[in-house]
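Engineer: First, the structure itself, so that you have it in front of you.
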Amino acid sequence: MEIRKSFLYEAANPSAVEPNAGRRHVMLVQAESFCCLGKKLNRPSVIPFIDSIAKVGRGGSLSLDWRGAYTMRSEFAVLTGMSPEAVESYGFDPYRLAALIPMQSMARTMKKRGYRTIAWHPNDGRFFDRNLVMPNLGFDEFWDLKKLRAVYGERLSLMGRYAADSVLLALAAEYLAQCREPTFLFVITMEAHGPWHADNFSGADRISEEERYEAHLCSLDRGVRSVAHAINSGKLDGVMFLYGDHIPGLRALDDPACLADPTAANTEWILLGSELPNTAMPEVLRPEEVSEFLLRMSR
């Protein structure tokens, strides 16, 4: 396939870079398999802090056309502002294209605004070719599991098979608070990745599949709370936007009643930060709309 020129990134004139004085740090979090399961299955919520953000109008639904195992489609749409269909035959896995060519992205816009751009992913950097994709999307640095462990050692603890969301987000807030220049940090979490087996963590054999998944939601909720505390205490001058990349592949969500719901594939998003505009937030966002929304909110 011939690569269309419209997909290619053309480097901007260095003089076009905006002054960065007064810029707040920006954290974008892709939360693995995150959704409000309580809403979907009419069961008590286990994420009280995330719920509290949504209740004050700082959250909504992320409208997705896909369910489970499409992480790279959501990630690509959020970072580039393009739907996967826009890249035609690469649409099923748009990172195949992003691994080949430099592309326009939110990270490049942030660089134009004077930000350092960094991506964190506590997994093998070769997964979905992110070691190639992230530089092509304009990130100055890509910290995979090897790099994160080299920096944080045993502080990067596990919950189940993967790095704990509660710890990863706390470390991200700590990292940004220490950055002297405005930084755009994209964090891809892993903790809630399925399958949710009975041997994933201590006591998992005594609870249901949904409850095992919810144990990871609790960890995410604690992580979001730690970021909010850093912002509210004045330690971190920044904003955080968090969204779920796809709903989890739980058997309970394959129930015909759930599948019949036109919003069955939707996940959630939340926004928190210092001095956010006092404007109404959209109830529903498409993933390709996130970059424009966050860039507007982070000014």
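Engineer: Being closer than 13 Å to residue 240 by Cβ and in contact with a His (Cβ under 7 Å, 6 or more places away or on another chain) is the filter here, so list the residues in region 166-180 that pass it.
Structural biologist: The answer is 176, and nothing else.
Engineer: Hey, can you tell me all the residues within region 77-90 that are under 19 Å from residue 30 (Cβ atoms) and either of a type in the set (Gly, Ala, Ser) or open to solvent by 50 Å² or more (accessible area, probe 1.4 Å) (or both)?
Structural biologist: Within region 77-90, 77, 81, 83 qualify.
Engineer: So, in region 269-299, of the ones that are within 18 Å of residue 84 (Cα to Cα) and not basic (Lys, Arg), which residue ends up most open to solvent (accessible area, probe 1.4 Å)?
Structural biologist: Per the stated criteria, the residue is 292.
Engineer: Being closer than 16 Å to residue 31 by Cβ and open to solvent by less than 30 Å² (accessible area, probe 1.4 Å) is the filter here, so list the residues in region 207-238 that pass it. Explain how you work it out, then say what you get.
Structural biologist: Taking region 207-238 and keeping what is closer than 16 Å to residue 31 by Cβ, we get 213-228.
Of everything in region 207-238, those that are closer than 16 Å to residue 31 by Cβ and open to solvent by less than 30 Å² (accessible area, probe 1.4 Å) turn out to be 213, 214, 215, 216, 217, 219, 220, 221, 223, 224, 227, 228.
Engineer: A follow-up question, please. Enumerate the pairs (first residue in region 46-68 and open to solvent by 40 Å² or more (accessible area, probe 1.4 Å); second residue anywhere and of a type in the set (Val, Ile, Thr) and in a loop (DSSP other than H, G, I, E, B)) with beta-carbon separation below 9 Å, excluding pairs fewer than 6 apart on the same chain, so at least 6 apart or on different chains.
Structural biologist: As it stands, the answer is 67/247, since those pairs meet every condition given.
Engineer: Right, residue 153: surrounded by fewer than 21 Cβ atoms within 10 Å (Cβ to Cβ), free of Cβ contacts under 8 Å to residues at least 24 places away in the same chain and closer than 24 Å to residue 230 by Cα or not?
Structural biologist: On the way: surrounded by fewer than 21 Cβ atoms within 10 Å (Cβ to Cβ): yes; free of Cβ contacts under 8 Å to residues at least 24 places away in the same chain: yes; closer than 24 Å to residue 230 by Cα: yes.
Yes: the conditions hold for residue 153.
Engineer: Okay, moving on. Residues in region 26-36: is at least one at pLDDT 95 or above, farther than 15 Å from residue 270 by Cα and crowded, with 16+ Cβ neighbours inside 10 Å?
Structural biologist: Looking for residues that are at pLDDT 95 or above, farther than 15 Å from residue 270 by Cα and crowded, with 16+ Cβ neighbours inside 10 Å, one finds none in region 26-36, hence no.
Engineer: Filter region 155-188 for residues that are among the acidic types (Asp, Glu) and within 28 Å of residue 112 (Cβ to Cβ); which is farthest from the chain's Cα centre (by Cα)?
Structural biologist: So the residue we want is 181.
Engineer: Considering only residues that are surrounded by fewer than 19 Cβ atoms within 10 Å (Cβ to Cβ) and either in contact with a helix residue (DSSP H, G or I) (Cβ under 8 Å, 6 or more places away or on another chain) or not in a loop (DSSP other than H, G, I, E, B) (or both), which ones fall in region 195-206?
Structural biologist: Passing the criteria: 197, 198, 199, 201, 204, 205, 206.
The values are calculated or read from the model by the stated rules, or taken from the named source; none is laboratory data. Predicted, not measured: the structure shown is a model, and the values here were computed from it. Quick reminder, even Gly has a Cβ in these numbers, built from the backbone with ideal geometry, and neighbours come from all protein chains shown. Accessible surface is based on the protein model in full, side chains and every heavy atom, while ligands, DNA and RNA are left aside. Shrake-Rupley method; radii C 1.70, N 1.55, O 1.52, S 1.80 Å.
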